[in-house]
Amino acid sequence: MSDHDLWDDYDDELADYPRGAGKIGGLFRAIWSLALVQVIAAAIGVMVAIGKQVSFWVDNEYRNLWRTEHCLVFAISVVGACVNGFVMCGAARTLRTQDYRRSLLVAGLSAISLPFFHLAVASIPLSILAWRELRKPHVRDRFAALARDTIESAPEELPDARTDRTP
């Protein structure tokens, strides 16, 4: 005789799912938060670059002169806002366990710290951890099962003490 219980509802068979889903959720919430800080920093960078360029024009009697550093801050801020906007959207989709390929891309792109370079200290390790967690087979299978509609929702069911056996 085996220890298999016929009345078990099988929600505890894949014990790594809740821990994996929890890790991914925490990692991508942190990635989303860092991306939000980056978007705010990008907005400030755009405003500062425009303000400094306008004051430079006023000081030089409205001659058509462009300062390279103002243009670079503006360009880096715009690119940073676009990258981090994509990261925020992808992180939100990952939290709903949608689009596995985009989740991998977001995990990689989140390492790019534009325009606030100092956040690379936090974003690079988070990016590596998220990518490693997404590469686990049970996480990949969860995304695939949701894409095929073989399961209805992403949240895991907690074990039911009335029907589940504990080992």
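The values are calculated or read from the model by the stated rules, or taken from the named source; none is laboratory data. It should be emphasised that the depicted structure is a prediction, and the values quoted were computed from it without experimental measurement. No Cβ is skipped: glycine too gets one built from the backbone with ideal geometry, and neighbour counts run over all protein chains shown.
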- Item | Count - residues of segment 42-68 that are without any contact (Cβ under 8 Å) to a residue 60 or more places away in the chain, of a type outside the set (A, V, I, L, M) and assigned to a helix (DSSP H, G or I) | 8
- Message: Report every pair of residues separated by at least 6 positions or lying on different chains whose Cβ atoms are under 7 Å apart, first residue within segment 75-103 and on the phi > 0 side of the Ramachandran plot, second among the hydrophobic types (A, V, I, L, M, F, W, C).
- Response: Thr97/Phe143; Thr97/Leu146; Thr97/Ala154
- For Gly45, indicate whether it is at pLDDT below 90 and small (Gly, Ala, Ser). yes
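Just checking, which of Val83, Val78, Val37, Val73 is farther than 16 Å from Leu119 by Cα, modelled with pLDDT of 90 or more and surrounded by 14 or more Cβ atoms within 10 Å (Cβ to Cβ)?
Working: Val83 fails: farther than 16 Å from Leu119 by Cα; Val37 fails: farther than 16 Å from Leu119 by Cα; Val73 fails: modelled with pLDDT of 90 or more.
Among Val83, Val78, Val37, Val73, only Val78 is farther than 16 Å from Leu119 by Cα, modelled with pLDDT of 90 or more and surrounded by 14 or more Cβ atoms within 10 Å (Cβ to Cβ).
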- Message: I'd like to check which helices (runs of 4 or more DSSP H) are fully inside segment 69-150 and have at least 3 residues that are more than 10 Å from the chain's Cα centre (by Cα) and of a type in the set (Val, Ile, Thr).
- Response: 120-134
- Report whether or not Val54 is modelled with pLDDT under 90 and either of a type in the set (A, V, I, L, M, F, W, C) or closer than 28 Å to Phe143 by Cβ (or both). yes
- Test Ser123 against the stated conditions and say whether it is at negative phi and touching a Gly at 6+ places or on another chain (Cβ under 7 Å). no
- Identify, by number, the condition in (1) at positive phi; (2) modelled with pLDDT of 90 or more that Tyr10 doesn't meet. (2)
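Taking Ser33 as the residue in question, decide whether it is touching a helix residue (DSSP H, G or I) at 6+ places or on another chain (Cβ under 8 Å) and of a type outside the set (A, V, I, L, M).
Values: touching a helix residue (DSSP H, G or I) at 6+ places or on another chain (Cβ under 8 Å): no; of a type outside the set (A, V, I, L, M): yes.
Taking the combined requirement at face value, the residue does not satisfy it.
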- Note on the structure: Those residues of segment 31-54 which are among the small types (Gly, Ala, Ser) and under 18 Å from Arg102 (Cβ atoms) amount to Ala35
